Amino acid sequence: MRILNRTKQTVIAEDVRRAVTFGEKLVGLLHRTEARPLLLKTRFGIHTFGMKFPIDVVVFDQRGIIKMVQRSMRPGSFVFWKPTAAYALELPEWSVDASRTEVGDEVAVIETES
């Protein structure tokens, strides 16, 4: 899948994997050696315990409105947000800056063929 910033007309991420099951959400990017875009449906927060690299995080609601942006989230940390958000998009570090993504922007989730 692809995640677009509709407001800025930029691509936030391509080849995004969706974590659906509890196990997929629990493991996330833990056993990877580099960041890869991952979309999770979650309402309260994420952590980077056990990860080997920093990530950017974009949190948005059901309508696709970005509620929070976390740049360069270091391994061994956590972040929480208001439960009005529905999704967290974990990204390689600097993805947020490259796409000029900000709080209040609107995202679109585009399903692509594998």
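The values are calculated or read from the model by the stated rules, or taken from the named source; none is laboratory data. For clarity, every value in this text was computed on a predicted model and none was experimentally measured. Every residue, glycine among them, receives a Cβ derived from its backbone with ideal geometry; neighbour counts consider all protein chains shown.
Miscellaneous remarks
- The strands (runs of 3 or more DSSP E) falling completely within the chain that include 2 or more residues that are at pLDDT 95 or above and charged (D, E, K, R) map to 66-73.
- Here Val103 does not fit the description of being touching a Phe, Trp or Tyr at 6+ places or on another chain (Cβ under 9 Å) and at negative phi.
- Residue selected from segment 46-75 under the condition in contact (Cβ under 8 Å) with a residue 40 or more places away in the chain and closer than 23 Å to Ala108 by Cα, by the criterion surrounded by the fewest Cβ atoms within 10 Å (Cβ to Cβ): Arg63
- For segment 94-104, a residue qualifies if it is touching a Lys or Arg at 6+ places or on another chain (Cβ under 6 Å) and not aliphatic (A, V, I, L, M), and exactly one does: Arg100.
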